[in-house]
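Okay, structure first, notes after.
The values are calculated or read from the model by the stated rules, or taken from the named source; none is laboratory data. Source: prediction; values computed, not measured. Please note: Cβ atoms are built from the backbone with ideal geometry, for glycine as well, and neighbour counts cover all protein chains shown. Ligands, DNA and RNA are stripped out before the accessible areas are found, and what is left, the full protein with its side chains, is counted by its heavy atoms. Shrake-Rupley method; radii C 1.70, N 1.55, O 1.52, S 1.80 Å.
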Amino acid sequence: MTKPAPDFLLEQSAMDAGHAIIAGVDEVGRGPLCGPVTAAAVILDPLNIPDGLNDSKKLTAKRREALYEALLDCAEISIAHASVEEIDEINILRASHLAMERAVAGLTRTPDHVLIDGNLIPRGLTLPATAVIKGDAKSLSIAAASIMAKTCRDRLMVDLAGQYPGYGWEKNAGYPTPVHLKALQDLGVTPHHRRSFKPVYKML
C-alpha cells in the first residue's frame, strides 16, 4: 500500500482559523559526524505549489534538485545553519532548533503560524506554532522545507568534500558510512567534524 503524499490540509486549517501566512519548517543533518545542521522555512503560495513535493528522503537527488529550483521561483524561502562549534557546545537537538529559529527569522514576512517537523517546538520560537510528527510526509510546506534544507546541505558537503577529499562527503553527506569511518581512522579528524559525536571524540 502506498503511503499518501503530503497535502495542504494543515495549512488550510490554520488559514481557516484566521492565520494568513503559514510557514513550514524542517531541518536536516542531525545524524552526520561533520558539517552544520541546516534548516529551511518555506511559505508556499497556495495558488502556485509545484507538483511532486514530498519528504526529501523519498525523492531522488535529481528530483530534489528540480523541486529546489522550482520552489525558488514560487515560494518564500529562508535557509539557515547551526555550526559544528554550536553543535558541540549546546548539543545537536538544541542546535537543530537554533537553525530552525534562524530560518524562520530570516523570512521576509513574519508567519502567523509555523508548522514544525517533529514533536518539539524550538524554545526560542515566539510565534504560534504546531509540532507535526513526520510532518515532511504530511504537510506540503514542511515537505518543501525538507527539500530546500537537504539540497542546500548536500551541496555544502560536496563543496567541503573538494577541500577534504577521501571522506566521501560528496556521497555520504557526512553520515557515518564505512568509507567515512575508515577515512577518519586513516586521515584523522578535520575542523568540520563534530567533536561531541562518539566516533569522532573516540579518535581524539
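Can you give me the number of residues within the stretch 141-189 that are of a type in the set (Ser, Thr, Tyr) and touching a strand residue (DSSP E or B) at 6+ places or on another chain (Cβ under 7 Å)? Within the stretch 141-189, residues that are of a type in the set (Ser, Thr, Tyr) and touching a strand residue (DSSP E or B) at 6+ places or on another chain (Cβ under 7 Å) number 2. Restricting ILE121, ILE133, ILE116 to those that are closer than 16 Å to GLU11 by Cα and free of Cβ contacts under 8 Å to residues at least 24 places away in the same chain reduces the list to ILE133.
As an exercise: evaluate ASP73 against (1) part of a helix (DSSP H, G or I); (2) over 25 Å from LEU9 (Cβ atoms); (3) open to solvent by 30 Å² or more (accessible area, probe 1.4 Å) and give the number of the one condition it does not meet. Failing condition for ASP73: (2).
Among the residues making up the stretch 125-179, those that are open to solvent by 30 Å² or more (accessible area, probe 1.4 Å) and small (Gly, Ala, Ser) are ALA131, GLY162, GLY166. On the given criteria, is ARG109 assigned to a loop (DSSP other than H, G, I, E, B) and either of a type in the set (Phe, Trp, Tyr) or out of contact with any Phe, Trp or Tyr (no Cβ under 8 Å at 6 or more places or on another chain) (or both)? In short, yes.
Residues in the stretch 20-37 that are open to solvent by 10 Å² or more (accessible area, probe 1.4 Å) and either touching a Pro at 6+ places or on another chain (Cβ under 7 Å) or among the hydrophobic types (A, V, I, L, M, F, W, C) (or both) were compared, and the one that is farthest from GLU101 (Cα to Cα) is ALA20. The set of residues in the stretch 180-194 that are outside any loop (DSSP other than H, G, I, E, B) and surrounded by 14 or more Cβ atoms within 10 Å (Cβ to Cβ) comprises HIS180, LEU181, ALA183, LEU184, HIS193. For the stretch 143-165, the count of residues that are at positive phi, touching a residue at least 40 places away in the same chain (Cβ under 8 Å) and in contact with a Gly (Cβ under 7 Å, 6 or more places away or on another chain) is zero. Residue pairs whose Cβ atoms lie under 8 Å apart, separated by 6 or more positions or on different chains, with the first residue in the stretch 50-67 and open to solvent by 30 Å² or more (accessible area, probe 1.4 Å) and assigned to a helix (DSSP H, G or I) and the second among the acidic types (Asp, Glu) and at pLDDT 95 or above, are LYS57/ASP136; ALA61/ASP154.
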